[in-house]
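The values are calculated or read from the model by the stated rules, or taken from the named source; none is laboratory data. Computed from a prediction, not measured in an experiment: that's the story for all the values here. All Cβ positions, glycine included, derive from the backbone under ideal geometry; neighbour counts span all protein chains shown. Surface accessibility is based on the protein's heavy atoms, side chains included, excluding ligands, DNA and RNA. Shrake-Rupley method; radii C 1.70, N 1.55, O 1.52, S 1.80 Å.
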Amino acid sequence: MDVLTVKSIVESVPDPEIPVLTLGDLGVIRGVHERDDGFEIHVTPTYSGCPATRVINEMISEALLSAHIEKFTIKKVLSPVWSTQWISESGKAKLEEYGIAPPNPGAKGPKSCPQCKSTRVSEISAFGSTPCQALWRCQECLEPFNYFKCL
Amino acid sequence: MSDPRIHLALRMGDNSLILAQQNSKWCGHAPTLEEDIALANVSLDLMGHAQMWLGFAAEIECEGRNADTLAFFRDTEEFRNSLLVERPNVDFATTLMRQYLFDVWHLEQLLLLSQSSDTLVAEISQKALVEVRYHRERSQSLVIRLGDGTIDSHNRMQEALNALWSYFGSFFEDSKDDELLFDLQTSPMPSSLYPSVLEQLNQDCVLSTLKTPESEFWQKGAVQGHHTENLGYILAEMQYLQRTYPNSKW
Ligand SMILES: [Zn+2]
């Protein structure tokens, strides 16, 4: 098993909170290295207090074990700091399709409603159901929706 | 002599830990659902920061402790948090004002620590910084809205500011360790942050119509572990389970 294969296994693990995104889309896999005692996987947390961080490590272990890779360690790295800019373009498109407005850098809120694409949107709550989301509402179709906060 | 970075890590970690514990008491009780979720989320972020700082302190101290043992098995006089974060919740005005004052100081402190000569101090600070920027925006906009709100909301925010003011000075208290850290370019002197923090508060006051108290009489002693009575109650509740059933796990 080579580094690239291990990397692709790890990167295809789904995010536990937003399963349409993979860890690769999310940009939290910061490297896979081959060491004398096995593979070393570098993972960076999204939010520092995010409860999903532990689940992510468990899911990585599970994915590797089911691919018969038993010698590995998961290392937490902080730098460079994760921000929403690390989410891939395809990840952003998947979010939108899933009904979560993707992060909109440089603006105070989402570009448009993920349902009807109207730009008439307003904030309901700066914080939402998970640390990474805020709650917004569309003035056109009146649907509330989650916005992936821009960090 | 012990590594002065322990002092810095405890100061940062304890501030976040105690404020997270205090805010989490609002969970299920906040005046609106949005604020309930916001307070819980801010607590979660701060708890994450506390874990990083206390983990760092435990690592350099090399006494076989970890972030959890530092949080649950130290007594009041070993805590290095400022006196502001241990003020009781009282009401939403006090809780919000306490959060706002903390956020203004915290953001300023993290901006400076992000440039630290110590790699790990810089990394932890950069991580916390992006989240704290969001905290500060929220508390700032709420303080402005309530300060420039009804007569009642204005008065209550002003009373909260007056009541918390002398404890706020606790963030700017210097110690011998701070001098060592300053010489190593690890962290700034706490007192050096005051002018820019005050300036930011005064800027926001233009919009919130609140008035920053003129008094510069500060309650001191937190850097030596001299705390107010309330920290004892906070710790009693927070540490109860681990003290009664040591090392119990989920
Ligand atoms: Zn819509």
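If the reach is capped at under 20 angstrom between alpha carbons, list the lysines near A:K71, excluding any in the same chain fewer than eight residues apart.
A:K7
Please report the antiparallel percentage of DSSP beta bridges with both residues in chain A, rounded to the nearest 5.
Given both bridge residues lie in chain A, the antiparallel proportion sits at roughly 70 percent.
Under 16 Å from the Cα of A:K92, which lysines turn up, not counting those fewer than eight places away in the same chain?
A:K111, A:K117, A:K149
Can you tell me the Rg and Dmax of the protein assembly as shown, counting just the alpha carbons, in angstroms?
22.1, 69
Which value in deg cm²/dmol, rounded to the nearest 500, describes the helix-derived mean residue ellipticity at 222 nm for the protein assembly as shown, given -39,500 (n - 2.57) per DSSP H run of n ≥ 4 and division by the residue count?
After summing the helix terms and dividing by the residues of the protein assembly as shown, the value is -16500 deg cm²/dmol.
How many partner chain Cβ atoms sit within 10 Å of a residue's Cβ in peptide B:30-39, on average, as a whole number?
For this peptide, the per-residue mean of nearby foreign Cβ atoms is 3.
Quote the total accessible area buried by chains B and A together, excluding ligands, DNA and RNA, probe 1.4 Å, nearest 100 Å².
By this definition, chains B and A bury close to 1800 Å².
Rounded to a whole number, what % of the accessible area of the range A:3-82 do carbon and sulfur atoms account for, probe 1.4 Å?
53 percent
Give me the inter-chain shielding for B:132-143: mean count of other chain Cβ atoms within 10 Å, whole number please.
That works out to 1 on average.
Show me the three semi-axes of the equivalent ellipsoid for chain B, from the C-alpha gyration tensor (sqrt of 5 times each eigenvalue), largest first, rounded to whole Å.
Square roots of five times the eigenvalues give 28, 22, 16 Å.
Just to confirm, what accessible area per residue do you get for chain B at 1.4 Å probe, in whole Å²?
Heavy-atom accessible area per residue stands at 45 Å².
At a threshold of 8 angstrom on Cα-Cα distance, excluding pairs fewer than six apart, so keeping six or more, what relative contact order does the range A:88-148 reach in percent?
Once normalised by length, the contact order is 29 percent.
Contact order normalised by length for the range B:4-244, with contacts defined as Cα pairs under 8 Å and 6 or more residues apart; what percent is it?
Computed value for the range B:4-244: 25 percent relative contact order.
Using the alpha-carbon centroid of each, what span in Å lies between the range A:52-70 and the range B:1-55?
If we compute the Cα centre of each part, the gap is 29 Å.
For the range B:200-250 and the range B:77-105, what is the separation of their Cα centres, given in Å?
4 Å
Which semi-axes, in whole Å and largest first, does the equivalent ellipsoid of the range A:88-148 have when worked out from the alpha carbon gyration tensor as the square roots of 5 times its eigenvalues?
Ellipsoid half-lengths, sorted descending, are 16, 14, 11 Å.
Per residue of A:50-57, how many C-beta atoms from partner chains lie within 10 Å of its own C-beta, taken as a mean?
Average per residue, whole number: 1.
Which of the aspartates and glutamates could a cross-linker bridge to B:K220, judged by Cα under 18 Å and excluding same-chain residues fewer than eight apart?
B:D14, B:E77, B:E78, B:E86, B:E173, B:D174, B:D177, B:D178, B:E179, B:E229
Rounded to the nearest 5, what % of the DSSP beta bridges within the range A:88-148 are antiparallel ones?
Here the share of antiparallel DSSP bridges comes out near 80 percent.
Would you list the membrane-span-like helices of chain A, meaning whole DSSP H runs whose alpha-carbon atoms span at least 18 Å along their axis and whose mean Kyte-Doolittle value is at least -0.5?
A:52-66
Looking at the protein assembly as shown, send over the antiparallel percent of its DSSP beta bridges, to the nearest 5.
Counting DSSP beta bridges with both partners in the protein assembly as shown, the antiparallel share is about 70 percent.
Once you've got the GNM for chain B with C-alpha springs shorter than 10 Å, pick whichever of B:L146, B:L198, B:L101 has the biggest mean-square fluctuation.
Maximum among the listed residues: B:L198.
Is any helix in chain B, taking whole DSSP H runs, at least 24 angstrom long along its axis by alpha carbon and on average at least -0.5 on the Kyte-Doolittle scale, and which ones?
In chain B, the long hydrophobic H runs are B:4-24, B:33-61, B:92-113, B:119-147, B:151-168.
Kindly identify residues of the range A:98-136 having a loss of at least 10 Å² in accessible area between the isolated chain and the assembly of all protein chains, probe radius 1.4 Å.
At a threshold of 10 Å² (probe 1.4 Å), the residues of the range A:98-136 that become less exposed are A:K108, A:I124, A:S125, A:A126, A:F127, A:G128, A:P131.
Over the alpha carbons of chain A, what is the largest minus smallest coordinate on each principal axis, giving the biggest first in Å?
57, 24, 22
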